[in-house]
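All remarks here apply to the structure that follows.
The values are calculated or read from the model by the stated rules, or taken from the named source; none is laboratory data. Here the structure is a predicted model, which is why all the values come from computation and not from measurement. Cβ: placed from backbone, ideal geometry, glycine included. Neighbour counts: every protein chain shown. For accessibility, only protein heavy atoms count, side chains too; no ligands or nucleic acids. Shrake-Rupley method; radii C 1.70, N 1.55, O 1.52, S 1.80 Å.
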Amino acid sequence: QVQLAESGGGLVQAGGSLRLSCAASGRTFSDYAMGWFRQAPGKEREFVASISWRGAYKNFAESVKGRFAIFRDNAKNTGYLQMNSLIPEDTAVYYCAARTSTSVAVTPSQYDYWGQGTQVTVSS
């Protein structure tokens, strides 16, 4: 199995940027597709972005298209979520996840491993 640890969250003003990292350990990171999800207080966990095992395929939630980017460095066993033009509605705990498949996926139940999450707060 694989263990995941997110970092890079914090407090940022609207319009600012953050880069989240997801460090993987355990089995070979490149065997897994990965995704990012977020959960705001009182809301369900929602899909943000996903990337296939070699990075050739990506998809994004409509709410973040054009603002967020997802990429990975398999040599470093790390995935990233670059968040630009942040808005207060992006405030949430962000989770990275991995699935024992090489293809992208958009629902939490399709992922097998999860990190503990990192808080992102966007002030207006």
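Worth a mention:
- Subset of region 1-49 [over 19 Å from V93 (Cβ atoms), of a type in the set (S, T, Y) and in a loop (DSSP other than H, G, I, E, B)]: T28, Y32
- Residues satisfying the stated conditions in region 77-87, i.e. over 14 Å from A33 (Cα atoms) and either open to solvent by 50 Å² or more (accessible area, probe 1.4 Å) or of a type in the set (V, I, T) (or both): N84, S85, I87
- Region 62-76 - residue that is of a type outside the set (D, E, K, R) and open to solvent by less than 60 Å² (accessible area, probe 1.4 Å) and, of those, farthest from V12 (Cα to Cα): N74
- Only residues that are modelled with pLDDT of 95 or more, open to solvent by 20 Å² or more (accessible area, probe 1.4 Å) and under 18 Å from R99 (Cα atoms) were counted across region 39-56, and they come to 3.
- Residue in region 8-28 that is closer than 18 Å to T107 by Cβ, within 14 Å of the chain's Cα centre (by Cα) and open to solvent by less than 20 Å² (accessible area, probe 1.4 Å) present: no
- Residues of region 88-103 satisfying the condition of being open to solvent by 50 Å² or more (accessible area, probe 1.4 Å) and either farther than 21 Å from A40 by Cβ or aliphatic (A, V, I, L, M) (or both): T100, T102, S103
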